[in-house]
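Everything below concerns the one structure shown next.
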Amino acid sequence: MKKRPNLFILMDYAGKFKYFTLGSIILAAVSACIAMLPFVEIWKIVNEALTVNPDFYKAEDIDTYGYNAVRLAVNAMFIYFCALGCSHIGAFRTVANIREKCVEKVLRMPLGHIENEGSGKIRKIIIDSSASLENFMAHILPDRTVAITTPLAMIAMLLYFDWKIGLLCIANVAAGFFIMYMFMVGKNLKKDVDAYNAALENMTKEAVEYVRGIPVVKTFGQSVFSFKKFKKSIDDYEKFTVSYTRRFRIPMTAYTVVINASFAILTAVALCNAQEAADPVFFSNLLFYIIFTPIIAVTLFKLMHSSEADMIVENSLNRIDTVLDVEENKESDNPQTPDGYSVEFQDVKFHYKDATKNALDGISLKIPSGAHVAFVGPSGGGKTTSASLVSRFWDADNGKIMIGGVDVKDIATEKLSEIVSFVFQDSKLLKTSILENVRMAKPDATDEEVLEVLRRAQCSDIIDRLPDGAKSILGSKGTYLSGGEQQRIAIARVMLKNTPVLILDEATAFADPENEEKVLQAFDEISKGKTVIKIAHRLSTIVDSDEIYVLKDGKIAEQGKHGQLVEQQGIYAKMWNEYQKSVDWKITNE
């Protein structure tokens, strides 16, 4: 199916504000036509001056022509400013609508997709791509209208005074346009624009990941070169931009020379027709073309950039579509309410996009309501994937995941968020007060309710040392929290939400020993009476679990209580022995 023109797509996004954009196009075209008329008035001035030469006092209408030229120029500028005003209103509203649609989509898309794509990449698509569209609609679209309208008016004027000289100027314009067309239009340019945006996007994504890893870089004394992917993305971007620029040196030089050669050509015409040039009418016509033709270079240069902008707009729209076209978790036509809060996996299989094998390969288990279980095992075994499927970060490819006897796909998204909470190993806090960070879980909660859950989450020492207590703004005036402290704030947030099913994913990973003790106390408080799935590498935190599942290669390799698994002398027993050795390990001086 043939794709609709980009401008039509933008008009759809603009909604009722599309009339501002259409108005800007009409006003810009009118401005371009009026902007040609002052040159006619200038020609009249020159013609009358040459006609009465040397008796200039006989010239009667020069002041009228001059006034008309100024009036027409001012009117053209005023109308163009009105066109820009309309184009900016239309552009701002269009971009606002696009960003609103993208943000709404992000809120509905699976969290697993956001995790895989990377926040840097999605941010660039939403912000940078829409900014490119804003520039196109606000500036380039009116300029393009002028650039298209002006040559049409120019052709008529070039042929009006002296058709022979006019054809010569038109031939020069055609030669410049042909050179421009050869290197600014075609599939190669589209490929280059796509490659440029891909290189820039990749560099942005890797830069975000590098910044996040700065603590590791500083801790181990590494440099940017230790982040090979980031360094490679910079090198790839440099290589592409340099080669791209070099390819256009000769065509751009040729275009500049040809398009600015009008003056030289007209001078040669005057020299070759020295006798005819003595005629005042011919000479005034020649002066008109010498004054008028420099506009050609400016017009074609704008047209050249507007053709490149087409590629940028198409690329931006395609990238925005990659966000808007992400498949959402489907809502059930007949949503159901769970009967209890047990969690059950029934022959669940799942694989990530482009993966060569399943991340989960036939998982079946049942967690009774109120039970505390743990997922352990080697990295890549499927622990986090299993927990993510419960919260519908992804949907299982095969099998079912049930909560209270109801498939999670048949539970409304809002209802599921009221049932399941997730505490990540790297919890994110926003740059706002601690009160508001916690209140996100329950917007209508009072300050007293928030302070109470902060106390229960072992956060009293954090609140006491901050200058404004719980109202302190994180990230400002030196107000920063350690990893363990952030985790306790995140636990308070989940505690305020008070969901019956709780998933803890490596939640003590960034806690120091002192913070770990308080985090574990907070876990004990938050876990009371709830169905808890705990993912942990620190095996000491899960020894009291009602059931431990050992996952390896996407399957349940072992299951049982801590003592039973140790006696089996299998994978878990080996992990436990290694963990015990790491705990007993000491540095000694001999």
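The values are calculated or read from the model by the stated rules, or taken from the named source; none is laboratory data. Not measured: the values here are computed from a predicted model. Cβ atoms come from the backbone with ideal geometry, glycine included; neighbour counts cover every protein chain shown.
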- request: Starting from region 250-262, take each residue that is farther than 23 Å from residue 167 by Cβ and list its partners that are crowded, with 16+ Cβ neighbours inside 10 Å, counting only C-beta distances under 8 angstrom and pairs at least six apart or across chains.
  value: 251/179; 251/183; 252/183
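Name the residue, out of 86, 82, that is in contact with a Pro (Cβ under 9 Å, 6 or more places away or on another chain) and within 18 Å of residue 145 (Cα to Cα). Steps first, please.
Values: 82 fails: in contact with a Pro (Cβ under 9 Å, 6 or more places away or on another chain).
When all the criteria are applied, what remains is 86.
Give me the residue from region 322-351 that is aliphatic (A, V, I, L, M) and in contact (Cβ under 8 Å) with a residue 60 or more places away in the chain and, out of that set, farthest from residue 194 (Cα to Cα).
Filtering region 322-351 down to residues aliphatic (A, V, I, L, M) leaves 323-324, 326, 343, 348.
In the following step, the residues that additionally are in contact (Cβ under 8 Å) with a residue 60 or more places away in the chain were identified as 323-324, 326, 343.
On the way: 323: 17, 324: 19, 326: 20, 343: 46 Å.
Ranking the candidates gives 343 first.
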- line: Going through region 543-590 in order, the residues found to be at pLDDT below 85 and surrounded by 13 or more Cβ atoms within 10 Å (Cβ to Cβ) are 579
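So, restricting to helices (runs of 4 or more DSSP H) that lie completely within region 204-284, which ones have at least 3 residues that are over 28 Å from residue 122 (Cα atoms) and at pLDDT below 75?
Of the helices (runs of 4 or more DSSP H) lying wholly inside region 204-284, those with at least 3 residues that are over 28 Å from residue 122 (Cα atoms) and at pLDDT below 75 span 262-272, 274-277.
Taking the condition of being part of a helix (DSSP H, G or I), polar (S, T, N, Q) and within 35 Å of the chain's Cα centre (by Cα), how many residues in region 455-489 meet it? Step through it out loud before you land on a result.
Taking region 455-489 and keeping what is part of a helix (DSSP H, G or I), we get 455-456, 460-465, 469-471, 483-489.
Next, only the ones that are polar (S, T, N, Q) stay: 460, 486-487.
Checking which are within 35 Å of the chain's Cα centre (by Cα) leaves us with 486-487.
Counting residues in region 455-489 that are part of a helix (DSSP H, G or I), polar (S, T, N, Q) and within 35 Å of the chain's Cα centre (by Cα) gives 2.
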statement: Scanning region 5-55 residue by residue, the ones that are modelled with pLDDT under 80 and under 24 Å from the mean Cα position of the chain (by Cα) total 0
task: List every residue pair whose Cβ atoms sit under 6 Å apart, with the two residues 6 or more apart in sequence or on different chains, where the first one lies in region 572-590 and is closer than 24 Å to residue 547 by Cα and the second, anywhere, is of a type in the set (Ser, Thr, Tyr) and modelled with pLDDT under 80.
output: none
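Residues are listed down the side, and each one gets a yes or a no for (1) crowded, with 19+ Cβ neighbours inside 10 Å; (2) in a helix (DSSP H, G or I); (3) touching a Ser or Thr at 6+ places or on another chain (Cβ under 6 Å); (4) without any contact (Cβ under 8 Å) to a residue 24 or more places away in the chain:
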residue: 40; (1), (2), (3), (4): no, yes, no, no
residue: 49; (1), (2), (3), (4): no, yes, no, yes
residue: 60; (1), (2), (3), (4): no, no, no, yes
residue: 66; (1), (2), (3), (4): no, yes, no, no
residue: 74; (1), (2), (3), (4): no, yes, no, yes
task: Mind listing just one residue for me: the one in region 1-33 that is touching a helix residue (DSSP H, G or I) at 6+ places or on another chain (Cβ under 6 Å) and of a type in the set (Ser, Thr, Tyr) and, of those, surrounded by the most Cβ atoms within 10 Å (Cβ to Cβ)?
output: 24
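Would region 492-503 turn up any residue that is small (Gly, Ala, Ser), under 30 Å from residue 343 (Cβ atoms), under 29 Å from the mean Cα position of the chain (by Cα) and at pLDDT 85 or above?
The answer is no; no qualifying residue exists.
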- request: Quick one: residue 10 ticks every box in (1) in contact with a Cys (Cβ under 6 Å, 6 or more places away or on another chain); (2) over 21 Å from residue 151 (Cβ atoms) except a single one, so which number is it?
  value: (1)
statement: If you go through 92, 78, 136, the only one that is of a type in the set (Phe, Trp, Tyr), more than 30 Å from residue 389 (Cβ to Cβ) and surrounded by 19 or more Cβ atoms within 10 Å (Cβ to Cβ) is 136
- prompt: Listed residues 355, 374, 445; which is within 23 Å of residue 565 (Cα to Cα) and hydrophobic (A, V, I, L, M, F, W, C)?
  reply: 374
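Considering only residues that are touching a Lys or Arg at 6+ places or on another chain (Cβ under 6 Å) and either among the basic types (Lys, Arg) or without any contact (Cβ under 8 Å) to a residue 60 or more places away in the chain (or both), which ones fall in region 408-434? Even if it seems obvious, please write down each step before you answer.
The first filter runs over region 408-434 and keeps only residues touching a Lys or Arg at 6+ places or on another chain (Cβ under 6 Å), leaving 408, 421, 433.
Of everything in region 408-434, those that are touching a Lys or Arg at 6+ places or on another chain (Cβ under 6 Å) and either among the basic types (Lys, Arg) or without any contact (Cβ under 8 Å) to a residue 60 or more places away in the chain (or both) turn out to be 408, 433.
Listed here are the residues, each with its yes/no results for (1) modelled with pLDDT of 75 or more; (2) closer than 30 Å to residue 198 by Cβ; (3) not assigned by TED's automatic domain parsing to the domain that holds residue 259.
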{"residue": "79", "(1), (2), (3)": "yes, no, no"}
{"residue": "86", "(1), (2), (3)": "yes, no, no"}
{"residue": "126", "(1), (2), (3)": "yes, yes, no"}
{"residue": "133", "(1), (2), (3)": "yes, yes, no"}
{"residue": "162", "(1), (2), (3)": "no, no, no"}
{"residue": "168", "(1), (2), (3)": "yes, no, no"}
{"residue": "173", "(1), (2), (3)": "no, no, no"}
